[in-house]
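Q: Please read through the structure below; I'll follow up with questions.
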Amino acid sequence: MHPGKTYPEIPEEKKKQLRHAVHLEVWTLVFLASVVVVMYLVMGSSQAMKSAWVEDLLSLLPASMFLLTAWYERKAPNDRFSFGYHRVGSLGFFLAACALLVMGAYLLYESAISLIRAEHPTIGTIEMFGERIWLGWLMMAALVYSCIPPVILGRLKKKPSQDISDKILHTDADMNAADWQTGVAGILGIAGISIGWGWADAAAAGIISFSVLKDGFTNVRIALSELLDGAPRELASDEIHPAAKAIRAELQKRHPGSEVRIR
Amino acid sequence: MTGNGRGVIAVALIGLALAGCDVPADPEHTTEHVRGQALIVGVTTDDEPSDPDERAAIQRLAKRLDATVEYRRDEIHHQVKALEEGEIHLLAGHLPKTTPFAKEVGTTGPVSSMLLGDKRVKTVFALRKGENGFLMETEKAIGGAN
């Protein structure tokens, strides 16, 4: 991090919390990357696996954006960017949110098509330790693994996100903490295939794509209110933060006759 | 109970439920239809596959399922249709792994190999899509299990 000359230093306490958050996000990237690799290796022709894999891949974005922001946003302003790079995080977050939205819509379309065509996914076997093992079991194991690191990391990130009051980190923590639902939906899909219910796979894929779409919508809304200089919001919702309201009311009282706006 | 707790219990329950069934299952019951009856294998060029590895794998599959082998010869498009309709159980006879019919049918792991142009490619058997139980039986037979 390169604190700019013209920015006031952040307090030591906050610096420590920010460093902690950065560490957690680096670990998030490491673990999620391992999940993405494991899932890719066993993906096969299951639509649910594919959707879950894409969701895991996309969940790398908010963590990357947080790190990019932490590194970039306190760069000193210069002649070309005279207000510095504060918005870089919001911009990156907005792009990541758009990616979620587009992929969510695409995955929903794909799962709807395979549901309508009533396609039965064909899943073969693999020879391991001298035994023929159905790849579906490996897929389930990969899905179980994909549930664990994000949930733990999501919980660990909750408190730091409140400490440094960071929207991106908070949303990322939320998405991670809810990631187990994708894994369970995927497992149900493969379990369905294993007992001959081909539709279960497409249905699970549909549920997963809905969760991607939902994340996309929430994130786009948050990113837009930051990019458009909206009033400071509460961490977990789109409501205006009570502190922002209080500051505005106080300033209004101290400077009667003037207009107070807050962003 | 937390959401995670519920998730873990749900997964455990599914595991228990599956442990009691014959899985993976065939949505169209191919294994059931073949067992103790005839294994109907579609071929396109000769009366039976020219490749000895393919013939041996088919014999092992038939033995596994206590069935007799019956070869049916027809043009490839008719065979793919017959496979989709469940009229034949397997399609054999130097079907390359890269077959353009892979969207319409399911394919097994490699059985043998063939020269296609100047490249040696692996050959596979094709079966009805989604018949995962039958696919498992077939791949066990390809792997050498009687």
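Q: Of the accessible area of the protein assembly as shown, with the probe set at 1.4 angstrom, what percent is carbon plus sulfur?
A: Details: 12860 of 21270 Å².
The nonpolar share, carbon plus sulfur, comes to 60 percent.
Q: Classify the stretch A:1-123: rounded, prolate or oblate, from the alpha-carbon gyration tensor (a ≥ b ≥ c, eigenvalue square roots; a/c under 1.5 rounded; otherwise prolate if a/b is larger than b/c)? Walk me through the intermediate numbers first.
A: Values: a/c = 4.58, a/b = 2.29, b/c = 2.00.
Note, shape of the stretch A:1-123 comes out prolate.
Q: Right, here's the next one. Only bridges whose two residues both fall in the protein assembly as shown count here: according to DSSP, what percent of them are antiparallel, nearest 5?
A: Roughly 65 percent of the beta bridges in the protein assembly as shown run antiparallel, per DSSP.
Q: OK, next. Classify the stretch B:87-146: rounded, prolate or oblate, from the alpha-carbon gyration tensor (a ≥ b ≥ c, eigenvalue square roots; a/c under 1.5 rounded; otherwise prolate if a/b is larger than b/c)?
A: oblate
Q: May I have the convex hull volume per residue, in Å³, for the Cα set of the protein assembly as shown?
A: With only Cα atoms used, the protein assembly as shown gives 188 Å³ per residue.
Q: Collect residues whose amide H, placed 1.01 Å from N in the peptide plane, falls under 5 Å from the amide H of B:Gly42; neighbours closer than 5 in sequence don't count.
A: Residues meeting the criterion, in which the H sits 1.01 Å from N, are B:Arg72, B:His89, B:Leu90, B:Leu91, B:Ala92.
Q: How big is the charge dipole of the protein assembly as shown about its Cα centre, in debye rounded to the nearest 20, if each Lys and Arg gets +1 on its Cβ and each Asp and Glu gets -1 on its Cβ?
A: 2040
Q: I've got another one for you. So, R0 is 25 Å and r is the distance between the beta-carbons of A:Glu259 and A:Asp229; what FRET efficiency does that work out to, to 0.05?
A: Given R0 = 25 Å and the Cβ-Cβ separation, E is 0.95.
Q: Pairs A:Lys14/A:Lys157; A:Lys158/A:Lys245; A:Lys15/A:Lys158: which are spaced more than 20 Å apart, C-alpha to C-alpha? Let's see the in-between values first.
A: Working: A:Lys14/A:Lys157 15 Å; A:Lys158/A:Lys245 24 Å; A:Lys15/A:Lys158 17 Å.
From A:Lys14/A:Lys157; A:Lys158/A:Lys245; A:Lys15/A:Lys158, over 20 Å: A:Lys158/A:Lys245.
Q: Could you do me a favour and compute the accessible area per residue for chain A, 1.4 Å probe, result in Å²?
A: Working: 13720 Å² over 263 residues.
Per-residue accessible area for chain A comes out at 52 Å².
Q: Report the accessible surface area buried between chains A and B, summing both sides, using a 1.4 Å probe on protein heavy atoms only, in Å² rounded to the nearest 100. Each step should come with its number before you reach the end.
A: On the way: alone 14630 and 8530 Å², together 21270 Å².
Interface between A and B: roughly 1900 Å².
Q: Tell me the relative contact order for chain A as a rounded percent, counting alpha carbon contacts under 8 Å between residues six or more apart.
A: The value is 24 percent.
Q: Moving to a separate point now. Which entries of B:Lys63/B:Lys103; A:Lys214/B:Lys103; A:Lys50/B:Lys97; A:Lys50/A:Lys159; B:Lys97/B:Lys129 show an alpha-carbon separation above 26 angstrom in the structure shown?
A: B:Lys63/B:Lys103; A:Lys214/B:Lys103; A:Lys50/A:Lys159
Q: Sort out for me the Cα centre separation of the stretch A:175-239 from the stretch A:120-139, rounded to whole Å.
A: 28
Q: Could you sort B:108-114, A:62-68, A:130-136 so that the peptide with the highest average Cβ count within 10 Å comes first and the rest follow in order?
A: Top of the packing list down: A:62-68, B:108-114, A:130-136.
Q: Then there's this: Quickly rank A:233-239, A:94-100, A:115-121 as a protection proxy: mean count of other C-beta atoms within 10 Å, highest first.
A: Packing order, densest peptide first, comes out as A:94-100, A:115-121, A:233-239.
Q: What is the stretch A:178-217 by shape, rounded, prolate or oblate, if you read a ≥ b ≥ c off the alpha carbon gyration tensor as root eigenvalues and call it rounded for a/c under 1.5, prolate for a/b larger than b/c, and oblate otherwise?
A: Taking the square roots of the gyration eigenvalues as a ≥ b ≥ c, the stretch A:178-217 is oblate.
Q: Give, ordered by residue number, each residue of the stretch A:151-200 whose 1.4 Å probe accessible area is reduced by a minimum of 30 Å² on adding the remaining protein chains to the chain alone.
A: A:Arg155, A:Trp180, A:Val184, A:Ile187, A:Ser194, A:Ile195, A:Gly196
Q: May I pose another question? What number, rounded to the nearest 500 deg cm²/dmol, is the helix-based mean residue ellipticity at 222 nm of the protein assembly as shown, given -39500 (n - 2.57) per DSSP H run of at least four residues and division by all its residues?
A: Theoretical 222 nm ellipticity from helices: -19500 deg cm²/dmol.
The values are calculated or read from the model by the stated rules, or taken from the named source; none is laboratory data. Predicted model only: the values in this text are computed from it and were never measured. Glycine also receives a Cβ, built like all others from the backbone with ideal geometry; neighbour counts cover every protein chain displayed. To get the accessible areas, we keep the full protein, side chains included, count just its heavy atoms, and leave off ligands, DNA and RNA. Shrake-Rupley method; radii C 1.70, N 1.55, O 1.52, S 1.80 Å.
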